[in-house]
1. Taking LYS359 and the conditions (1) more than 30 Å from ALA501 (Cα to Cα); (2) under 30 Å from the mean Cα position of the chain (by Cα), which numbered condition does it fall short on, given that it satisfies the others?
2. Does the range 309-318 contain at least one residue that is under 16 Å from the mean Cα position of the chain (by Cα), at pLDDT 95 or above, closer than 30 Å to PRO434 by Cα and in a loop (DSSP other than H, G, I, E, B)?
3. Within the range 487-502, how many residues are polar (S, T, N, Q) and in contact with a strand residue (DSSP E or B) (Cβ under 7 Å, 6 or more places away or on another chain)?
4. Mind listing whichever residues of the range 439-464 are in a strand (DSSP E or B) and either open to solvent by less than 20 Å² (accessible area, probe 1.4 Å) or in contact with a helix residue (DSSP H, G or I) (Cβ under 6 Å, 6 or more places away or on another chain) (or both)?
5. Which count do you get for residues in the range 181-214 that are touching a helix residue (DSSP H, G or I) at 6+ places or on another chain (Cβ under 6 Å) and assigned to a helix (DSSP H, G or I)?
6. Consider LYS353 against the criteria (1) surrounded by 23 or more Cβ atoms within 10 Å (Cβ to Cβ); (2) more than 30 Å from ARG445 (Cα to Cα): it satisfies all of them except one. Which criterion is unmet?
7. May I ask you to verify whether LEU475 is modelled with pLDDT under 95 and open to solvent by less than 40 Å² (accessible area, probe 1.4 Å)?
8. Test of understanding: among PRO356, PRO400, PRO395, which residue is at pLDDT 95 or above and in contact with a helix residue (DSSP H, G or I) (Cβ under 7 Å, 6 or more places away or on another chain)?
Amino acid sequence: MSEDKPMEGKYSNSKEKVSWKYYFIFSSWLFLCLLSFYLGIGLIHWEETESDPKQVYHASMGDGVVKAFQEENKLSTDSDLYDSSEDSSSNFAFKNVLEELFSSDSKEDGLGSNNTKDSNKSGIRSSTWFSDYEAMKKVVHLYDEIHPFIYSMKGGLTNNGELANSWSSKSKHERVAELRILNPKVKIIPTIFRWENPKEKISENIGMNGRSDIRDKHIQIIVNEVMTFDYDGIDIDYEGMSCEKKEKFEEFIVLLSKELKKNNKLLSVAVHPKTPNPKGKVTKCKGLKNDIVVDFKENWRGPMTHDYEFLGKHVDRLKVMAYELHPRKYRNPGPGPQAPNVWLKEIIKYAKKRVPSEKLYMAIPTYGYDWALNCNSSAKSVYYSDVKRIKALNPIIHQPTDITTILSQGNRNTSWTNLSKFGFVHENKIYEDPTMWYTAGGCDRVAFFMNRKAFEEKMTLLRKYELAGFSFWQLISDNDPEINKYLELLATNQLPPVPIANDLYADEKPTVIADAASAPSVKGKDSKSKKAIASPQPKIEKHVEAKKIPLNTLTSSKTNTTLRESQDPIREKQPTIAKAVESTLLKDKEKKLDENKALQPSLDKIPNAQVKKEISESSSKLVPVNELPTAKPQEVPSVKPLKEDIIYE
């Protein structure tokens, strides 16, 4: 028996090893079965969501979206939001996992698009809006981003959240695939457009009239379109909104941005152009919680709702529509170029202070207008074919264009009244834009247009100030073909380098914002509010020196008479403070005189020369602040200097 025991122990150890081996194999097999089952269910679910796009994001568009907005902006929720629920995973999570595992090319511009390096080495991205698909196919290789201009809103005066589009579902799938074959690196970011007018409004789609449910539906439909047709993002072009829609529009943008970023999609927003106004104001608008700081010259409803600084924090692309400086009308400012560099530079100056450069795009036109100078005739658009037609009439061509000099020749100032009455607009300005001056149908005319030379100078300006990119409005087959040759050089990094400029704010004057109480309001001002709004302090650039004016100078200066008469309660306290300081100094002076009288007997024994010297030294010394009388101290409230208290040199 004793001999069998070792054999028994050896056999039992071997048996135990075999059992562990089978256990491991069985466990692995079970794990693979479960994984296969999970992947199969995922594929089935993916196919269901692809075949029925309306199911996507239906369950996830609730309180979670609104909470995301609250975290960013600390705004309260509306009463009609959905009940809160646990965050559910996206229906496209499985698709994203597969793409990460099996895709060889990772997408550029990841979540939030903070990584905004160019696909080319030129330092500036090329993008364009287009509705001419055939024209786009021919030149898509020249662009980093393209915006099919295919979506708009359903409904007129009211919105239901739904989109109208000019491409069928089949066309969207086929054209997106074809464009990516032609340029695998291009980002396809379609545009949703609406211009607010008497018959078409932007309201419930951004949550106006208490309809946050329609806003959420609108966001759901947008995200669904992006995911269904595999766009790289969406471009929001909501223009001409009245001022009371500013905060709701911003809320909509934040919510949409959150939903897009969950899926690594981009948000682009087109905004109205703005140029700095040194004499800004704070104005009220009925229905808004906060006043609007109007620190720009374009004081009309559209720019009021596009807050560059706010939008710049939440979007991936902010595209300034820098065109239509001289609209196709004969009222102020009359005939002129659409986007001259002198104006573009002012827009850049305003925008770069408020928007990160890596998000900032300047949209410039591919067209011009043709105006009558001395007759009653409508203005016309000018494209490449129009330029060739007009050149056949042997016009006088100017590039650059100095309108002041042209008007000064002969009797043009009196005969070309459609232009000369706006001559002040063009004083001290020379435009890089070309012009053709000609006669047709017994009427003198001028046609502004875009050619390669003008476009190249505008692009040099954008590169000089390190903008992220440019956009065309818009690409059509009738654009100057020479511009495409320039874009070829840009796309292949064959353009000469442009020195970076740092003179953008060299001649800028500080902006002084007037209080809302004294500023004229826009339509919808709440007339019942009488509380004065404290102006925000102006930003002082590093190259600008600022010094405060002493209070006694402020209260005695004749130039500050209007300031002393101001109704500002802080301003009214300043004379009282000055009087208190003056009274204290007077008492101190009297005390010194009494001390001098007490010392007079002893002074008589000192030689006159020595007395004069000591008195001179004593009178030249300043009394330290801590030696001032403290018997009845007066509390002097700390007063922050207002804008008018600062001199900029």
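1. (1)
2. Looking for residues that are under 16 Å from the mean Cα position of the chain (by Cα), at pLDDT 95 or above, closer than 30 Å to PRO434 by Cα and in a loop (DSSP other than H, G, I, E, B), one finds none in the range 309-318, hence no.
3. Initially, the range 487-502 is screened for residues polar (S, T, N, Q), giving 492-494, 502.
Within this subset, residues satisfying the condition of being in contact with a strand residue (DSSP E or B) (Cβ under 7 Å, 6 or more places away or on another chain) are none.
Qualifying residue count for the region: 0.
4. Step one: of the range 439-464, the residues in a strand (DSSP E or B) are 439-440, 443-448.
The answer is CYS443, ARG445, VAL446, ALA447, PHE448.
5. Counting residues in the range 181-214 that are touching a helix residue (DSSP H, G or I) at 6+ places or on another chain (Cβ under 6 Å) and assigned to a helix (DSSP H, G or I) gives 6.
6. Failing condition for LYS353: (1).
7. Numbers: modelled with pLDDT under 95: yes; open to solvent by less than 40 Å² (accessible area, probe 1.4 Å): yes.
In short, yes.
8. Numbers: PRO400 fails: in contact with a helix residue (DSSP H, G or I) (Cβ under 7 Å, 6 or more places away or on another chain); PRO395 fails: in contact with a helix residue (DSSP H, G or I) (Cβ under 7 Å, 6 or more places away or on another chain).
Every option except PRO356 fails the conditions.
The values are calculated or read from the model by the stated rules, or taken from the named source; none is laboratory data. Since we're looking at a predicted model, the values are computed, not measured. A quick note on method: Cβ atoms are made from the backbone with ideal geometry, for glycine too, and the neighbour counts reach across all protein chains shown. Please note that ligands, DNA and RNA were not included when accessible areas were found on the heavy atoms of the full protein model with its side chains. Shrake-Rupley method; radii C 1.70, N 1.55, O 1.52, S 1.80 Å.
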